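Contents: one structure, followed by commentary.
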Amino acid sequence: MARWVTRAGPAARTPPAEPSLIFVLRNNDLGDVLVATPLFEALRQRFPEAEIVAGVGSWATDLLRGNPHLSEVLPVDAPWFNKATGRQGLLDRLRYVARSGQARELTRRRFDLGIDVVGSPWGSLLLLRAGIPCRLGVRGYAGGHTGTTVSIDYRPNERVGRMALRFAEHLGATELPDPKPQIFLDDTERESAESRWRELESAESHRRARERPWRLVVAPGAGLPEKRWPLERFAALVPALATELGAVIAVVGGPNDREAGRLLAGSSARVLDATGGQPIRETLALLATSDGAVTNSSMALHGAAAFGKPVLVLLGPAFDSVRRHDDQWGHPGCRTLGREIGERDQIASVDEARATALELFAAVGRRGARGGEEIEPGAAR
């Protein structure tokens, strides 16, 4: 039996006024990690001298590269509330907490304050195992609040990023950042994405001289099949947008999206297949240098929002309410199509998605890849 050293006690009920070592647990999927990133800035503003460490799955560490508000990013491949770790049974979770080297490393660090952003029994157990005396979690979502010293209340109609900021508010933060995702790319990453767009644009044999076409990112993948807008509808939508919007399109996604990438890239010479093996930072850079995105409810939605891009979100049949989705996962500049309780039973048709995309992107204009200047559709570079 593993021997766990804990230091929790009555005094831990009050968060330390000036914690020196803060641990934030977010061992979830890519989009979940992105929406929590404003919390890091809020904690840094509140505790400028503290060491702030994020614990995320190894699949998500690259999302936080270059984040100036973090002291360190630790891989925490905890087998709960993510789709990356595979088996997530009771014994798998107990073994991770009790025996994993990652859990032992957390104990060795001797953090004095820990935050479980999701709030779960397993997150609380991990923070207890690590001997963290002051543990913040969530009451009313997945449980585990009885193992915390402080809990915030779950609010189902609140944006997830804004809810994460309430941890900082409880710790005394008064000036909060915008609750939109934060991604920090360097100039080399942006220029590499620019080169890929320019190469795709140079293949355009029919565009007018000096006119830069729209750059759209399309993300047809999602974590669960029932959350996806059907691939055959993407296959009809993508060539229509390429033609009617005059767009060049990069299709992005992970290894499970290779088939979708090949299918969509085969629909038009204006479409680049960027699915499969490319690093996540390259996908983020394509989003940063695009003019907008069409996506399922996935990481690409939050990545585009981080860079202020207009996004058309196409929900699959698993979502029964556009309003409920947007309350939790939406961002300013997004338009979402899907089912709505008491109003419509069907997901968006191809014609509806096409018309909405043309309306959305025409209304907002086009944001230049360099400097953020506004460029109207059809304007010269």
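Candidates are the residues of the stretch 166-183 that are charged (D, E, K, R), closer than 19 Å to Trp329 by Cα and assigned to a loop (DSSP other than H, G, I, E, B); the one that is farthest from the chain's Cα centre (by Cα) is Asp178. Taken as a whole, the structure places Thr174 among residues that are among the polar types (S, T, N, Q), more than 20 Å from Ala300 (Cα to Cα) and surrounded by fewer than 20 Cβ atoms within 10 Å (Cβ to Cβ). Residues that are buried (at least 16 other Cβ atoms within 10 Å of the Cβ) and outside any strand (DSSP E or B) within the stretch 264-275 comprise Leu264, Ala265, Ser267, Ser268, Arg270, listed in sequence order. In the set Ala250, Ala285, which member is crowded, with 19+ Cβ neighbours inside 10 Å, among the aliphatic types (A, V, I, L, M) and not in a helix (DSSP H, G or I)? Only one candidate qualifies: Ala250. A residue that is buried (at least 23 other Cβ atoms within 10 Å of the Cβ) and either in a helix (DSSP H, G or I) or on the phi > 0 side of the Ramachandran plot (or both) occurs somewhere in the stretch 149-161. Annotation note: of Ala203, Ala240, Ala247, Ala235, the sole residue that is closer than 21 Å to Leu284 by Cβ and in the same structural domain as Ala269 (by TED's automatic domain parsing) is Ala247. Scanning the stretch 175-202 for residues that are among the small types (Gly, Ala, Ser) and without any contact (Cβ under 8 Å) to a residue 40 or more places away in the chain returns Ser195, Ser202.
Reported count of residues in the stretch 323-352, each being of a type outside the set (D, E, K, R), over 22 Å from Thr37 (Cα atoms) and assigned to a loop (DSSP other than H, G, I, E, B), is 7. Of the residues in the stretch 122-130, at least one is assigned by TED's automatic domain parsing to the domain that holds Pro156, over 22 Å from Leu39 (Cβ atoms) and not in a strand (DSSP E or B). What number of residues within the stretch 80-101 satisfy the criterion of being under 20 Å from Arg135 (Cα atoms) and crowded, with 18+ Cβ neighbours inside 10 Å? Qualifying residue count for the region: 5. Quick one: what pairs do we get from the stretch 32-59, first residue without any contact (Cβ under 8 Å) to a residue 40 or more places away in the chain and under 23 Å from Thr107 (Cβ atoms), second of a type in the set (Ser, Thr, Tyr) and surrounded by fewer than 20 Cβ atoms within 10 Å (Cβ to Cβ), C-beta under 6 Å, 6+ apart or different chains? Filtered contacts from the stretch 32-59: Ala50/Ser20; Glu51/Ser71; Ile52/Ser71. Being in the same structural domain as Glu226 (by TED's automatic domain parsing), without any contact (Cβ under 8 Å) to a residue 24 or more places away in the chain and in contact with a Lys or Arg (Cβ under 6 Å, 6 or more places away or on another chain) is the requirement here; does Asp291 meet it? It is false that Asp291 is in the same structural domain as Glu226 (by TED's automatic domain parsing), without any contact (Cβ under 8 Å) to a residue 24 or more places away in the chain and in contact with a Lys or Arg (Cβ under 6 Å, 6 or more places away or on another chain). Candidates in the stretch 270-282 are the residues that are touching an Asp or Glu at 6+ places or on another chain (Cβ under 8 Å) and at pLDDT 90 or above; of these, the one that is nearest to Pro220 (Cα to Cα) is Thr275. Here the condition is being touching a strand residue (DSSP E or B) at 6+ places or on another chain (Cβ under 8 Å) and in a loop (DSSP other than H, G, I, E, B); of Trp197, Trp229, it holds for Trp229 alone.
Residues in the stretch 43-71 that are more than 18 Å from the chain's Cα centre (by Cα) and either hydrophobic (A, V, I, L, M, F, W, C) or closer than 19 Å to Leu136 by Cβ (or both): Leu43, Arg44, Gln45, Arg46, Phe47, Ala50, Glu51, Ile52, Val53, Ser71.
The values are calculated or read from the model by the stated rules, or taken from the named source; none is laboratory data. Given the structure is predicted, the values throughout are model-derived calculations rather than measurements. As a convention, Cβ positions derive from the backbone with ideal geometry for all residues, glycine included, and neighbour counts pool all protein chains shown.
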